[in-house]
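The values are calculated or read from the model by the stated rules, or taken from the named source; none is laboratory data. The shown structure was predicted, so the numbers you read here are calculated from the model rather than taken from an experiment. No Cβ is skipped: glycine too gets one built from the backbone with ideal geometry, and neighbour counts run over all protein chains shown. Ligands, DNA and RNA are stripped out before the accessible areas are found, and what is left, the full protein with its side chains, is counted by its heavy atoms. Shrake-Rupley method; radii C 1.70, N 1.55, O 1.52, S 1.80 Å.
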Amino acid sequence: MIKQKYESLKELTFKKIEQKYLPLLEKFKTTQKDLKDFLIEDALKSQEMFISTTYLIFDAEEERISRENPKYLNLLGYVTILNDSISLNTKMKQLFREKGINYRSLPALKIGRLCVDQEFERRGIGKLMVAFCIEKACLLNEQISCRFITLDAKRDKDKNKDSLHFYGKIGFIILDHKEKSEVDLRKQTNGTTPMYLDLFHIIKSKVTTSG
């Protein structure tokens, strides 16, 4: 039932976390304890308080078949999103001024947490979860402008586990902070590194197409 490789959002189903899915959470496997703890202890509570929204990811066909008995589903991963803003330092202000943007802070959608069950890693699920977030940001732009996606990339000495490289391949750029240069941020082996994705051309193309 579970595919070896997922290549389209149509192959996955994204469901907001709710009570009926709670039995699945304990079985979720990841080496990142904080991500599992959040999923089990805080994700639903945070959603009910309108702080963040968590989507659980399932194989679309499996979810359709098991809809009446969700406890038998394989939870492939989850992503948590919320509103955010980018505060610009002097260097970033200059960069965005060249793009015609003269504000001190910019509206963004934040990927607060993103995690794939370790049993289902390297199947294209992570990239599709980011694609889902991009779609959400584009939909938001139909009513409220939101040009950027932000996140804090988890760092690791192991390059295969260092999410900076994963997000960098997708197009995310390191968001420089005053206290650290981009070189310093790239050399990190622990903690997190802030990154952002400019959706201008994606949003523009969707507006042009729909128009």
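Averaged per residue, what accessible area in Å² does the chain show with a 1.4 Å probe, protein chains only?
Ligands and nucleic acids excluded, the result is 59 Å² per residue.
Hey, if you put +1 on the Cβ of every Lys and Arg and -1 on every Asp and Glu Cβ in region 61-183, which of Gly112, Ser66, Tyr78 ends up farthest toward the positive end of that dipole?
Positive-end residue among those listed: Gly112.
Please work out how much accessible surface Lys20 shows to a 1.4 Å probe, ignoring ligands, DNA and RNA, in Å² rounded to 10.
Solvent-accessible area, nearest 10 Å²: 90 Å².
Over region 1-58, with every protein chain in place, what whole percent of the accessible area is carbon and sulfur at 1.4 Å, could you tell me?
52
Quick one: order Thr193, Thr31 from most to least accessible surface, probe 1.4 Å. Show your work: numbers first, answer last.
Numbers: Thr193 0, Thr31 110 Å².
Ranked list, largest accessible area first: Thr31, Thr193.
Run the dipole for the chain about the Cα centre, Lys and Arg Cβ at +1, Asp and Glu Cβ at -1, nothing else charged, and hand back the magnitude in debye, nearest 20.
Dipole of the chain, to the nearest 20 debye: 560 debye.
If a/c stays under 1.5 just call it rounded; otherwise compare a/b with b/c (prolate if a/b is bigger, oblate if not). Do that for the chain, with a ≥ b ≥ c from the square roots of the Cα gyration tensor eigenvalues. Display every interim value, and only then the final one.
Numbers: a/c = 1.88, a/b = 1.45, b/c = 1.30.
Verdict is prolate for the chain.
What 222 nm value per residue comes from the helices of the chain, counting each DSSP H run with n ≥ 4 as -39,500 (n - 2.57) and dividing by all residues, nearest 500 deg cm²/dmol?
Roughly -9000 deg cm²/dmol at 222 nm, from the helical runs in the chain.
Of the candidates Phe166, Phe200, Phe132, which one comes out as most mobile in a Gaussian network treatment of the chain with C-alpha springs shorter than 10 Å?
The residue that fluctuates most here is Phe200.
How large is the dipole of region 52-110 about the Cα centre if only Lys and Arg carry +1 and Asp and Glu carry -1, each at its Cβ, rounded to the nearest 20 debye? Mind dumping the intermediate values first?
On the way: 9 positive and 7 negative charges, 131 e Å.
With Lys and Arg at +1 and Asp and Glu at -1, about 620 debye.
Among the aspartates and glutamates, select those whose C-alpha is under 14 Å from the C-alpha of Lys10, and discard any that sit fewer than 8 residues away in the same chain.
Cα-Cα hits under 14 Å: Asp59, Glu61, Glu62, Glu63, Glu135.
On C-alpha positions alone, give me the angle between the axis of helix 200-210 and the longest principal axis of the chain, in degrees, nearest 10.
Its long axis makes an angle of about 60 degrees.
So for His165, His201, what's the accessible-area order with a 1.4 Å probe, most first?
The ranking, largest first, comes out as His201, His165.
Any idea of Met92's accessible area? Nearest 10 Å², probe 1.4 Å.
Around 10 Å² of this residue is reachable by solvent.
At 0.36 nm per residue, minus the direct Cα-Cα distance, what do Phe50 and Lys10 gain on full extension? Give it in nm, one decimal, please.
Full extension of this stretch gives 11.7 nm more.
Counting alpha carbon pairs within less than 8 Å and at least 6 residues apart, what relative contact order, in whole percent, applies to the chain?
Dividing the mean separation by the residue count of the chain yields 18 percent.
Under a 1.4 angstrom probe, counting protein chains only, how are Ser87, Ser46 ranked by accessible area, largest first? Write down the numbers at each step before the final one.
Numbers: Ser87 85, Ser46 15 Å².
These residues rank, largest area first, as Ser87, Ser46.
From the phi angles alone, apply the Karplus equation (6.51, -1.76, 1.60; θ = phi - 60°) to region 133-150 and give each ³J(HN,Hα) in whole Hz, x where the residue is Gly or Pro.
Couplings: 5, 4, 4, 4, 5, 5, 5, 4, 5, 6, 10, 9, 5, 7, 8, 10, 10, 10 Hz.
Which of these, Gln143, Gln118, Gln47, has the largest mean-square fluctuation under a Gaussian network model of the chain (Cα springs below 10 Å)?
Residue with maximal mean-square fluctuation among Gln143, Gln118, Gln47: Gln143.
Choose one answer from Lys154, Lys27, Lys45: the residue with the largest mean-square fluctuation in a GNM of the chain with alpha-carbon springs under 10 Å.
Highest fluctuation of the listed residues: Lys27.
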